[in-house]
Every structure is written in structure tokens, then in C-alpha cells.
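Accompanying notes for the structure given below.
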Amino acid sequence: MLFNSFEFIFVFLPIVFVFYFYFLKKRWGTLSLLWLVLTSLIYYSWWNIYYLPLILISIAINYVLGVLLNKNALNPYRKPILILGIIFNIGLLIYYKYADFFISNVNVVFSTNIPLLHLALPLAISFFTFQQIAYLVDIYKREVTSSSLLEYALFVTFFPQLIAGPIVHQRKSCLNSSK
């Protein structure tokens, strides 16, 4: 669903706005955040629902790593946790963007016949990968503290910025502006 499509402008966006502002009017702040996360995930999966587990797993792993990084500043495992998080995120990106490229080159160089994976590139994988790396680095540097899972999920999936960017730091996001 594109931002300029009729289904986005006349169906999706009005439904998101109406319910979001209704929940806010009722002072159901958590429900309004949950609504935005759910609608952002619907927006994300509209292109290909098979990649929904990818972003959910990525969010879960990065959130747990962020919580671990937020623990005691003297924890000797903070730097290895950060490195693990960066490797995980870059690994996902490399797998989805370059797996067929590497297999093709191995086939040419070594005269093998390894079948290509023919992976479709997940929507916004670069944006949400680099945004999550920035989040982990910010927590490591103590520039932000870990937020709730719901706030973090919204930070990563918020549909107006998910596919078009920009990549933002959580300390500069709209979620942190009120704190």
C-alpha cells in the first residue's frame, strides 16, 4: 500500500486516525500506542505478510538486547552484547540483500551448482535494521534508557517513517519528546 494510493488515503489513514484520537480522548494511552503498533504492522505486512515474523523477531531480539545493555554500567558483558546485536542486525541485512549474490559467486568461482534462494527483499529492512542498531548504540552510550516493549515496537514500526525514513535515534523520536 503506497502513501498515495486510494486505499491508504481513503480507508487506512482515516481508520487509523479516528481510532487513535478516540483512544486518546478516552485517555487510553497504552491502547492508542498498541493501536499504532498494530496498524503499522498491518501496513508493513500489506506488501508481503510472510515478512511479518521477520520484523517481529527483530524487534523482540533487539528489545531484549537493549534491556540487557541498560543494566548495570559496570557489567563486563555490555560491549559483547552490543557487538552481538550489531552482528545480528547486519547478518539479517546481509542474508536478505546479498545471499543470492554470494551463492552466485561461489557457483562461478568453484563451479558448483548451489541453488539460489530467490529471496524477495523485505520491505524497509535497511531502515529498521539501522534504526535498531542506532538504538542499541544509544543505550550502550547511555544516551537513552530502554523503553517499554510497546514504545520500542512503535519506534521501529511507525508506518509513516518505516518505508521512507528517516532513520532516527530514539532520543529524537516523537516518543521521547514528551519525556
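What number of lysine-lysine pairs in region 43-179 show an alpha-carbon separation below 25 angstrom, given a sequence spacing of 8 or more or placement on distinct chains? Here the count comes out as 8.
Pairwise Cα distances in region 77-116 exceed 11 Å for 66 percent of all pairs. Full extension of the chain segment joining Ser111 with Arg142 gains 6.2 nm, where the gain is 0.36 nm per residue of separation less the Cα-Cα distance. Multiplying each eigenvalue of the alpha-carbon gyration tensor of region 50-177 by 5 and taking the square root yields semi-axes of 31, 18, 11 Å, largest first, rounded to whole angstroms. Given their separation in residues at 0.36 nm each and the Cα-Cα distance between them, Glu7 and Ile83 gain 23.2 nm when the chain is fully extended.
A straight chain from Ile103 to His169 at 0.36 nm per residue would run longer than the Cα-Cα distance by 20.3 nm. Of the DSSP H helices in the chain, those with a Cα length along their own long axis of 30 Å or more and a mean Kyte-Doolittle hydropathy reaching -0.5 comprise 78-110. Note on Asn75 and Tyr95: with the Förster distance fixed at 35 Å, the Cβ-Cβ geometry gives a FRET efficiency of about 0.75.
Under the classification rounded if a/c is under 1.5, otherwise prolate if a/b is larger than b/c and oblate if not, where does region 1-124 fall, given a ≥ b ≥ c as square roots of the Cα gyration tensor eigenvalues? Judged from the Cα gyration tensor, region 1-124 comes out oblate (a/c at least 1.5, b/c at or above a/b). Comparing Thr157, Thr112, Thr145 in a Gaussian network model of the chain, where Cα atoms under 10 Å apart are tied by springs, the biggest mean-square fluctuation is seen for Thr112.
With contributions of -39500 (n - 2.57) from each DSSP H run of at least four residues, the per-residue ellipticity at 222 nm computed over the chain stands at -21500 deg cm²/dmol. Relative contact order for region 44-178: 30 percent, from Cα pairs under 8 Å spaced at least 6 residues apart, divided by residue count.
Laboratory data are not the source of any read-out in this text; all were calculated from the coordinates shown. Model, not experiment: these values are computed from the prediction. Because the Cβ atoms are built from the backbone with ideal geometry, glycine has one as well, and the counts that use them run over all protein chains shown.
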